Ligand code: HAX
């Protein structure tokens, strides 16, 4: 069945309905694209070439569509520092929130609250301000949620984004340099992933009605919090912990057991990629340098050898290789960020950059600066809803 004159041009049929818009083109994206072999590219650069950059440089890239030179990089770091102050009123909002609430719900409330206190009602100003305030907000969320609301260090605005977070968190007995390195890489790898992933799409859709960047981003974070989307990284590390061995035969038995029980083998497979995700490759290389003898790292090293072979036996599985989530939890855990329920908040922190840049593109750049109109996809009336027309 064709759906009408305009739809005819796109060869749309009823098979395209009620499938979550999968594969249906709805727009263009200026910040990133994903290819089956090399994964995500930011402004044309394959992600594998960007992994070691400072997160601030990649924010600059996503906003300006070119990498900064050393002077621009320095200036941009200072610009974000000057935007970083978080109003102290946020403390009394976060402190009474339910401690057993999911950190992603805290993050959404935190961003929304910042919007009420700090929005300038300007797309770019708000997007950059929010990026600059995220490290402190996230650090405060960790502290209040864990009952560590006393003696929080001042936000040191002379530090970079990642350092401001670890300074606020102020954990004892951790290697702060290793934590900063893992978080920097994590942020760069997760900042953007095309225009149609659920959280990015949701954020841009909310912004299309001219809600503020803060409200749009809170909506995006709610979308990201679902177990089928961003929260998969939490499940993935919980899965790795459950395996409890790095012996290849035992790991293979475990993988086969999960498949027989119709449970996913977390950390493997992808909707678009048809090779190992380069973001996984980068994190494995980092792990080999930092923590080759860590118990969980040994497990994922074995899993990386065993699972693709076992998953390949099922021809339905389009990509049996490792995805981005396989190693990130293991690395975060190794540097002292041991609670998987927080892992999606790091994902959210990173995505604020990509979603913010895409919101600006859609609001003030595209269509010769006119911006994209309010989102309004078409839904076809079902017979039931037409019943009273006759
Ligand atoms: N374990 C078990 N079954 C898997 C699988 C895996 N790792 N990967 C694919 N399959 C199954 C699918 O569930 C699907 O089964 P049905 O036909 O019964 O529905 C079939 O193989 C075909 O799937 P596909 O076309 O290869 O892949 P999809 O686009 O449907 O799914 C997923 C992609 C990532 C959701 C899937 O590979 C999966 O569930 N992986 C495990 C969970 C996981 O690691 N999630 C994190 C994803 C990270 C990410 O995308 N970041 O952006």
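Annotation: the range 137-246 has a Kirkwood hydrodynamic radius of 16.5 angstrom, from the mean reciprocal C-alpha pair distance.
Residue exposure proxy: 249, 361, 192, ordered by other Cβ atoms within 10 angstrom of their Cβ from fewest to most, comes out as 249, 361, 192. Show that you can apply the helix-only estimate: for the chain, add -39,500 (n - 2.57) for every DSSP H stretch of four or more residues, divide by all residues, and state [θ] at 222 nm to the nearest 500. Counting only the DSSP helices, I get -16500 deg cm²/dmol.
Residue order for 343, 214, 375, fewest other beta carbons within 10 angstrom first, comes to 375, 214, 343.
When the Cα atoms of the chain are aligned to their principal axes, the ranges along those axes come out at 72, 56, 44 Å in descending order.
Distance between the C-alpha centres of the range 172-239 and the range 56-89: 19 Å, rounded to the whole angstrom. Mean sequence separation of contacting Cα pairs (under 8 Å, at least six apart), scaled by the length of the range 55-145, corresponds to a relative contact order of 35 percent. Cβ crowding within 10 Å, taken as a proxy for footprinting-reagent exposure, orders 104, 134, 116 from fewest neighbours to most as 116, 104, 134.
Quick note: the coordinates plus some simple rules give every number you see, no bench work behind them. None of the values given here were measured: they were computed from a predicted structure. Neighbour counts are summed over all protein chains in view; Cβ atoms, including those assigned to glycine, are modelled from backbone coordinates with ideal geometry.
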